[in-house]
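Notes to accompany the following structure.
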Amino acid sequence: MSKRLIDLQHITKSFDGQMVLDDLNLYIRENEFLTLLGPSGCGKTTTLRIIGGFETPDAGNVIFDGKDITNLAPNERQLNTVFQKYALFPHMSIAENIAFGLKIRKKSKAYIEDKIRYALKLVNLDGFENRTVDSLSGGQQQRIAIARAIVNEPKVLLLDEPLGALDLKLRQDMQYELIRLKNELGITFVYVTHDQEEALTMSDTVVVMNQGYIQQIGTPEDIYNEPINAFVADFIGESNIIDGIMLEDRLVRILDVNFPCVDEGFGNHTPVDVVIRPEDVELVEPEDGMIQGDVTSLIFKGVHWETEVLANGYEWLVHTTQMHPVGSHVGIRVVPFNIQIMNKPESNDEKAVDIDA
């Protein structure tokens with residue numbers, strides 16, 4: 001297992017009396033692609049800026065490769081940042097933009113020219129040395145911003161919503177480019193986004209944040225299939241989140257019907273949140289269902305039909321490859337393994353993660 005490269009210890013930060021990060025603890029491993037994911041205002045960009053040295057925490061320490069860098073300036077850290085606004089210099093050629101940091105470090109002309117060629121090849125923009133910034137598309141400008149960062153050979157590349165300004169197709173293309181770059185360069189990527197699909201596509205590790213707290217840390221598969229609370233389940237993909245009562249181990253009551261499940265240890269007659277993904281809801285003949293309902297909405301999404309079914313007073317969201325017309329009377333069935341049981345949070349910003357897990 002890779003060693004810890006960055007260790008954020010008890011980081012607290014507030015702006016104008018408003019707490020943004022509250023005793024945050026997080027470590028990032030060498031060569032990891034870690035994504036900070038969450039809604040606006042959750043603290044993810046502030047966390048990135050503290051790693052980069054653009055903000056100083058009110059309390060806590062930033063440890064980098066065993067050394068305390070909490071008070072080091074950004075240019076004294078072994079990392080580079082790529083922002084959503086690419087911050088390219090319009091009066092400079094592409095080559096001059098890429099060479100900017102190397103010239104400051106007084107590298108030789110031959111070294112700089114070699115690095116420019118290498119970086120442009122890496123981002124698939126060979127021969128663009130003499131082009132102007134204005135002549136490039138948004139995606140090309142983003143690649144140049146990345147090229148400018150990687151020529152400095154940072155141990156860590158920080159990326160703050162770098163694809164946010166691109167259209168959908170270009171954004172998807174760049175996601176695969178970033179994965180390729182990370183694998184070729186062998187450096188650590190710390191990525192900030194509010195786009196769940198982006199996080200699930202690219203990351204080794206996803207850190208879901210809300211209201212200054214880490215809600216869950218895990219692989220994309222863990223985060224999607226085993227959300228730790230209703231916030232994570234609702235934020236990562238679509239979910240049916242239903243109030244339930246855990247009657248006993250492996251049996252939960254939702255919408256006045258008893259559903260077998262696989263979860264244990266919640267106690268007897270305990271209020272819980274029940275999470276069922278839309279793709280895990282089966283529509284069957286009415287007599288074969290655990291409950292019955294009527295189709296109220298139908299939207300074709302290409303790979304599946306997005307169907308809404310009103311059953312026992314709840315509007316179920318269902319993703320199915322079978323078309324059931326609006327007005328159809330159907331049964332709903334869910335296998336026990338696909339029913340996720342969660343404790344109800346004690347408060348909206350309840351911390352729900354074991355950092356060392």
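The values are calculated or read from the model by the stated rules, or taken from the named source; none is laboratory data. Fair warning: this is a prediction, and the values are worked out from it, not measured in the lab. A quick note on method: Cβ atoms are made from the backbone with ideal geometry, for glycine too, and the neighbour counts reach across all protein chains shown. All accessible areas refer to the heavy atoms of the entire protein, side chains included, with ligands and DNA or RNA removed. Shrake-Rupley method; radii C 1.70, N 1.55, O 1.52, S 1.80 Å.
Here are some notes:
- Ranking Gly293, Phe259, His194 by how far each Cα lies toward the positive end of the dipole of region 144-303 (charges on Cβ) leaves His194 at the top.
- Phi-based couplings in Hz for region 59-75 (Karplus 6.51, -1.76, 1.60; Gly and Pro marked x): 8, x, 9, 10, 9, 10, 6, x, 10, 7, 10, 3, 9, 6, 5, x, 6
- With a simple spin-label model that places each label point 7 Å from the Cα along the Cα-to-Cβ direction, the separation between Glu76 and Asn258 comes to 6.7 nm.
- Rounded to the nearest 20, the size of the Cβ-charge dipole of region 90-171 about its Cα centre is 320 debye, with Lys and Arg at +1 and Asp and Glu at -1.
- Ordering Lys121, Lys344 by accessible surface, largest first, gives Lys121, Lys344; the 1.4 Å probe counts only protein heavy atoms, with every chain in place.
- Separation in nanometres of the label points that stand 7 Å from Cα toward Cβ, at Lys103 and Ser135: 1.9 nm
- Portion, in percent, of the accessible area of the chain that falls on carbon or sulfur, probe 1.4 Å: 48 percent
- Evaluating 6.51 cos²θ - 1.76 cosθ + 1.60 at θ = phi - 60° for every residue in region 175-182, the Karplus couplings come out as 4, 5, 4, 5, 4, 4, 4, 4 Hz, glycine and proline recorded as x.
- Ordering Ile98, Asn240, Leu136 by the projection of their Cα atoms onto the charge dipole of the chain, which places +1 on the Cβ of Lys and Arg and -1 on the Cβ of Asp and Glu, puts Ile98 at the extreme positive end.
- Rounded FRET efficiency, nearest 0.05, which uses the C-beta distance separating Arg333 from Lys85 and R0 of 35 Å: 0.10
- Restricting the GluC sites (Glu not before Pro) of region 20-102 to loop positions (DSSP other than H, G, I, E, B) with no more than 12 neighbouring Cβ atoms within 10 Å leaves nothing.
- Karplus 3J(HN,Hα) series, Hz, for region 197-203 with 6.51 cos²θ - 1.76 cosθ + 1.60 (x for Gly, Pro): 4, 4, 5, 5, 6, 9, 8
- Helix 94-104 vs. the chain, principal-axis angle (Cα, 0 to 90°, nearest 10): 70 degrees
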